[in-house]
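The values are calculated or read from the model by the stated rules, or taken from the named source; none is laboratory data. Not measured: the values here are computed from a predicted model. Here the Cβ positions follow ideal geometry from the backbone for every residue, glycine too, while neighbour counts run over all protein chains shown.
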Amino acid sequence: MEEAAEEQAAAPVAGDFEDAAENGTGEEEGGSAAAAEEDAAAAYSWPELRFDLPPRRRYHFADQFRSPCSSSAGNFLKGVKWSPDGSSFLTSSDDNSLRMFYLPEDAYGAAAEDTAEAAVGGQDSYGASLQVNEGEPVYDFCWYPYMSVSDPATCVFASTSRDHPIHLWDATTGELRCTYRAYDAMDEITAALSISFNSTGSKLFAGYNKAIRVFDVHRPGRDFEQYSLLKGGEGPTGIISSISFSPQNGMLAVGSYSQTTAVYAEGNMEPLYVLHGQLGGVTQVLFSKDGNYLYTGGRKDPYILCWDIRNTVDIVYKLYRSCDTTNQRVQFDIEPCGKHLATGGQDGMVHIYDLQGGQWVTGFQAAADTVNGFSFHPYLPLATTSSGHRRFGMEDEFEEESSLAGAMRTAALSGSFLAHKNLETTSNPKLWRDR
């Protein structure tokens, strides 16, 4: 009865999803519409990204992450992701909560710059517009790829947490839209360790131990397709920790804690390549914007590896980051033009690399703690970061002013440097902008 009720409630939403995907991928009909689209494309030009100046603060957030209402006194941030339409960003923290922050309309103007300067060392710039509380630690979260704030039906994000099914949350109300449930051999719910929508938004791929389960977004409940990754004996073993879809050629990459990355055909999950070379368990896989290269990062591994999926015999180059003594996932991202990659590290630095040859371009101090999350805005010269880590010690070693707290910093660029600064465990998270 519960499953039937969920499917009936979600049916209208599924239809709206389908419409949104079709509208997002279909071509405009009619001469006037095509002409208007061409004029708009000609009038708009991507911001030029330069890295000769450090980013400037825009806003900062700290108090709400160390609120006494939090379930953990030592709360810290674990990741951050921009929404596909760039209207908001979503954070994950150690208090088992997801918080959504809308980007103010004046975020790219002079008013925001004045606000940022006045907020340094003071109160949070503004509060989260939405907070969703999971019952257990959050393993992964992702936005619906056609999310648009102008279409409430598409304003959703998915999350997976320990001992829970996959949840689809309404980003406007915070209500639970539906669940996607997988069961083990004992008919008990098993939690996904990683999740990702495919490029059309019609399927939700979830990573488990040695397997991928694929859910139809339009049919919530316990119906799914399961694919074992051990076919042929060469696939990744262990927990599937990260999933990434190629933007061009219908492939997906999965990373596992067995230090292995594999590339599959999305349609039938036929294995194409198996990549070895990571020193630690793979924590993130990410395709380049043209789909020709794959970037992989591992736990306690100081290098991000670049693979040319057209020739996977050798590693193309390695990008250094400081994370060889932390167990945290350290997130990296590629800017919208696809020319640069930025990554955090346990030294509090954000390093930026030119992807044409793998050369280091610049770096800036984003936090005094581990920068575990970094995300570029999808079209504006802005970026956001998150930082922090779990700390242990004797009670007399802790003081109220130095106790672990979650903070968020964002960095933005105003035409010259592209980077969003991060969420970190300090008492004064900040938002930054390019000079």
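Strands (runs of 3 or more DSSP E) fully within the stretch 169-247 that include at least 1 residues being under 20 Å from Cys142 (Cα atoms) and of a type in the set (Gly, Ala, Ser): 194-197, 203-208, 211-216, 240-245. Among all positions in the stretch 220-237, there is no residue which is among the aliphatic types (A, V, I, L, M), surrounded by 15 or more Cβ atoms within 10 Å (Cβ to Cβ), modelled with pLDDT of 95 or more and in contact with a strand residue (DSSP E or B) (Cβ under 7 Å, 6 or more places away or on another chain). Within the stretch 293-332, the set of residues being part of a loop (DSSP other than H, G, I, E, B), of a type in the set (S, T, N, Q) and touching a residue at least 24 places away in the same chain (Cβ under 8 Å) comprises Thr312, Ser322, Thr325, Thr326, Asn327, Gln328, Gln331. Among the conditions (1) crowded, with 22+ Cβ neighbours inside 10 Å; (2) more than 25 Å from Ser246 (Cα to Cα); (3) without any contact (Cβ under 8 Å) to a residue 60 or more places away in the chain; (4) not polar (S, T, N, Q), the only one that Ala171 does not satisfy is (3).
For Cys155, the test of being at pLDDT 95 or above, over 18 Å from the mean Cα position of the chain (by Cα), among the hydrophobic types (A, V, I, L, M, F, W, C) and surrounded by 19 or more Cβ atoms within 10 Å (Cβ to Cβ) is failed. Of all residues in the stretch 311-348, those that are among the basic types (Lys, Arg) and touching a Leu at 6+ places or on another chain (Cβ under 7 Å) total 2. Condition test on Gly267, is it in a loop (DSSP other than H, G, I, E, B), modelled with pLDDT under 95 and over 23 Å from Val214 (Cα atoms)? For Gly267, the condition - in a loop (DSSP other than H, G, I, E, B), modelled with pLDDT under 95 and over 23 Å from Val214 (Cα atoms) - is not met. Annotation: of all residues in the stretch 246-258 being buried (at least 22 other Cβ atoms within 10 Å of the Cβ) and not hydroxyl-bearing (Ser, Thr, Tyr), the one that is nearest to Leu286 (Cα to Cα) is Ala253. Among the residues making up the stretch 192-215, those that are of a type in the set (A, V, I, L, M, F, W, C) and crowded, with 18+ Cβ neighbours inside 10 Å are Ala192, Leu193, Ile195, Phe197, Leu204, Phe205, Ala206, Ile212, Phe215.
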